[in-house]
1. Please list, ordered by first then second residue, the pairs with beta carbon atoms under 7 Å, 6 or more apart or interchain, first in the range A:38-67 and charged (D, E, K, R), second not in a loop (DSSP other than H, G, I, E, B).
2. Scan the range C:84-120 for residues that are at the interface with another protein chain (Cβ under 9 Å from one of its Cβ atoms) and basic (Lys, Arg) and jot them down.
3. Taking the condition within 21 Å of A:ALA60 (Cα to Cα), within 11 Å of another protein chain (Cβ to nearest Cβ) and at pLDDT below 90, does A:VAL156 pass?
4. Could you please let me know if B:MET133 is closer than 14 Å to B:VAL82 by Cβ and outside any loop (DSSP other than H, G, I, E, B)?
5. Quick check on the range C:225-235. Is at least one of its residues in contact (Cβ under 8 Å) with a residue 40 or more places away in the chain, assigned to a helix (DSSP H, G or I), within 24 Å of B:GLN251 (Cα to Cα) and charged (D, E, K, R)?
6. Kindly check whether there is at least one residue in the range B:177-186 that is crowded, with 17+ Cβ neighbours inside 10 Å, free of Cβ contacts under 8 Å to residues at least 60 places away in the same chain and in a helix (DSSP H, G or I).
7. Check every one of the helices (runs of 4 or more DSSP H) wholly within the range A:68-165 and list those with 1 or more residues that are without any contact (Cβ under 8 Å) to a residue 24 or more places away in the chain and surrounded by 24 or more Cβ atoms within 10 Å (Cβ to Cβ).
8. If you scan the range C:341-360, which residues turn out to be under 14 Å from C:LYS285 (Cβ atoms) and of a type in the set (Ser, Thr, Tyr)?
Amino acid sequence: MNAPVSNAVTRSLLRRLLGNGTLIVAFIYALLFTIFASRQSDALSQTSITDLFNNAAPLALAAAGGSLVVLTRGFDLSVAGVVALSNVLMATQVGEGPQQALLGLAVVCTAGLLVGAVNGILVAYIRLQSIASTLATMIVTSGLALLVLDAPGGTVPDFVADTLTDSAAGIVPVAALILLAVVLIWLLLRRTDWGVALYAVGADETAAGLAGIRTRRVKFFAYCLAGVFYALSGYMLSALTATGNPNAGNSYLLLTFAAIAIGGTSFSGGRGGVVGAMLGAATLTLLQKVLFSAGVSSFYTGIFQGVVMILAVLVAATSDRFASGRRA
Amino acid sequence: MSPPADTRGLRRAGLGSDVWNAIALFGLTALLIIASRWISSGFGGWEQTKAILVLSSFVVVVAFGQQLVILTGGLDLSIASVMTIGGVLTFNFVGASPTALIWGVPLILLVTAAIGGLNGIGVVWLRVPPFIMTLAMGIIVYGATLGITGGTPRGQASPALSALFTASVLDVPLVIYFMLAITICGSVVQLGTGFGRRLYAVGTNPAAAYIAGLPVRWLTFLTYAISGASAGLAGILMFGYAGGATLTMGQAYQLPSIAAVVVGGTSILGGSGLYIGAVGGALLLTTFSTVISSLGIAEGWRTVIYGLVILLALLVLREELYLWAGQLVARPVPLRQPGEPAAKPDA
Amino acid sequence: MNWNTIRSGLVNTAVAAGLLAGVAGAANADDKKLKIYLSLSYSGNSWQSEAANIVKALAATPPYDKAIELKEVISGTDVQAQISAYESMISDGAAGIISFPVSPTGLNRAIRKGCDKGTLFFMYDGTVTEPCAYNVSYITAGFGENTAQALVNVLGGKGNIFLSRGVPGNSVDKRHTDGAMAIFKKYPGIKVIAEYYGMWSDQTTQSETAKALAAHPDVDGIWAQAGEDGAIKALLATGSKKLVPVVGENSNGFRLALANPAYQAAGFKGVSSGSPPATAGYAFKLMMEMLTKGRKLTTHNIEYPLPWVPAEGVKLCPGDRFENGCNTFPAGKVPDSFVTEVFEANLLPELSLVTALDGKPTPGMTIQPLPGEVTAAPDTPGINCQKCNGNGDIYALTKIKATVQP
């Protein structure tokens, strides 16, 4: 009688592991990294790893924010505008030194929070469609970014640019520490009432409402927090590029959603999370390096990127289906 | 994002709100064209109206497929690349020859429909989320077009296709008749055929539609194939308009195609909305961008105003307002079968 | 299948394997070749692919074909992606990177890291403000102000004009427009009645011009950046018997239109100037001379001459080579959107039409040495230097004189 029980236990354990989108994407990342490390001799060097974290950080933060909204079955397109706005603010309004860097952080986070709050009001309280209202706020914020800076330029203070892209104590990349901090904050938030309610609202809003959850407020906060994450993403991008560009956010629009999907967050709400989305972002930026080291012909790079994107989502979905039994 | 129960009930009572929405959009467009006379003396006349109609024709065509996809609860992000490949293939293989046009255009529509069909297969049978499937397909198709052309599409302009834009009957460019025909055909397909009506059922509640015996998978698959073909057609038109094709020709139409559909009153969650509304959305947005671009202000402000206008349109064109207007004028026409559940099941 | 075919198949396979081994051996010998990377931001228009093709063709022209190994990488319009591409190239041991930079400032840190490791950076057309990189570009040569003056001259100092700009928030667009406005502002009779962004794309320029024409049918002239061919198509599409002067960049369609007697009779005039794809070839040859011949450059900012072709200067090329100063191709030979400035008699005699269209070397051609002199580009803040002042009048006219006074 023991064997079937332990069998069932392993099976359910296996199911839980496979059903966890975060683990799947972690596995995909590890696989890609192995390929990368085998093709490029200095892949494990200090600089190479710091580069990887620096490149991934802006997109990872944007995807972290976006996944909060996707968890509530929404789409937030304003990411492109907020990243650009926060980038041009950093390049034009902030002076040198640690104090100014903190002030800059406060300024961009406030800007992100404001845009997020507007989105939240429009979607949660006025009940406009999320994709439409965030499209509008995206256009407005990218217009504002153009007003702040009408051509690439400005300088991000060296303090921000150097500190955030460096390694702490010469070992751990600062970008990695920042991403780790975000992960820890998220793991804490997830255990709060709001965190639990977020999943409930995404899974079934009506039921969550009937269960006494204040669904509007939960959604409102999701958009606000997402706005702050986008601002942080712009902050990291400013550190990486050390300059302002009013069009900096454009490429984030679709990549963010790609990262979220690869990270195992379901677009029908209620499943997935911030950590997966961040790993998804890291996978996409690692893919650039892998394709380079694999010598994929430049014209066809796009084809590989697209195919890998579909495959990653397929792997996640298939294992998910396996985990939740035959029928999905 | 799903509306709370009370408005669901109301919406079912009066699907007429979609019709009201479309009427409001056309009315606003007309008002705006007339009002724009105060902005520029050249505005407010037939010349401006003609220009707006011609320029919106691409979005109107693309929006047909996009609206059907959104109606079933999906989204097509590949249309920019599919439009481009449609234009590039026509440029390369059809060119100036009228005979090539006769077999070439259907063939290219078939190719683009097949690309859309691949989206459909990914979404329906492989269960990749539409957002990712179509986004990835867009990247793949763009990469393929880049590879095929080596970066420079080569070919010849087609006088026959260009005539759509240059030749007029009764001072109306041919392409406007074409657009009118597409709008009518599209609306008939949507409202007058079993296919169209079933799509509403699929978008509203796929599970219920499945139980009711509808071929939900095939219907969804078809919407993607149609979206591919309509993007291809828009690319062919664009090639006629510009007399050539470049690899960036579709890019400007991705977000407008979605904006037109959504401003046009189609819910991104599926199950409600009309193609004629998307046509109205396309016209209104093109008119706005025409008027805004003639304002002598910095591009930043123009962008801000354009965004605010979309927001305003969304706020003004809210469903509750039509319900209210509909109740004033009474008897809305129910399009949906009575007793059909209006709620989308939560996944 | 009988035994013979199977055996011959086996033999073939063995031969193929032997060949492969030989190739692999040769590949090992290639290690002595210089590693050069061509880094593009995107390859979505004729200009980009022509420039890249010219570099690829030169790299395959003897003696460079034996000396270097060229790899092309397209990373898209995302700054982060190009940073990542540069990092990969540097760690792959690139001797030189020739690149169209997606941002004038955002790549600086990655470039500096590369310079520290001994990688040579040459930017063509687009520029960067990082001092260790070399910029080869026409941007500082004054496209904006010279074409603006040409338009003012044609209009006799007064009239309503459109500005058809490039990409909003782009520094090249800003430099061109600032130069043009420096001229237009001198003439109170010149009124800018519409300003729009054509995104350097023919189709977008065409639809934006059509919108502007709907509002202002009374336009007297158009100042356009790349995409000017779309502006002409929009003018023609109005069906009006009257055309207006247009100054713009180098598309073949525009040059053919300039030389078209019927259009000229309808009032169409103008100048074709602007960004030449051949710049990429010049930058590449400069870089190669530094790498292989130890050439020293006294400046990091090198100016490429600004093309300048008024209507009477349009000259059709009868063949595929550079002949007698020809600068335009017959209709049907290349698309209207093809950018014509792919030849340069003195700097790049190696080029022909196939180099620009297919990236193949001109048969029988070898690399010719460059002249010893280079033209230094003036310092322009935000374009080719970061903390510097533009000295003197950076918008001084070089190609044309004002024939009308304000």
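1. A:ARG39/A:SER293; A:ASP42/A:SER48; A:ASP42/C:SER91; A:ASP51/C:GLU87
2. If the condition is that a residue be at the interface with another protein chain (Cβ under 9 Å from one of its Cβ atoms) and basic (Lys, Arg), then C:ARG109, C:LYS113 are the ones that fit.
3. Yes; evaluated as a whole, the condition is true for this residue.
4. Yes: the conditions hold for B:MET133.
5. yes
6. no
7. A:130-148
8. Answer for the range C:341-360, where residues must be under 14 Å from C:LYS285 (Cβ atoms) and of a type in the set (Ser, Thr, Tyr): just C:THR355.
The values are calculated or read from the model by the stated rules, or taken from the named source; none is laboratory data. Since the structure is predicted, the reported quantities are computational estimates derived from the model, not experimental observations. Neighbour counts run over all protein chains shown; Cβ positions are idealised from the backbone, glycine included.
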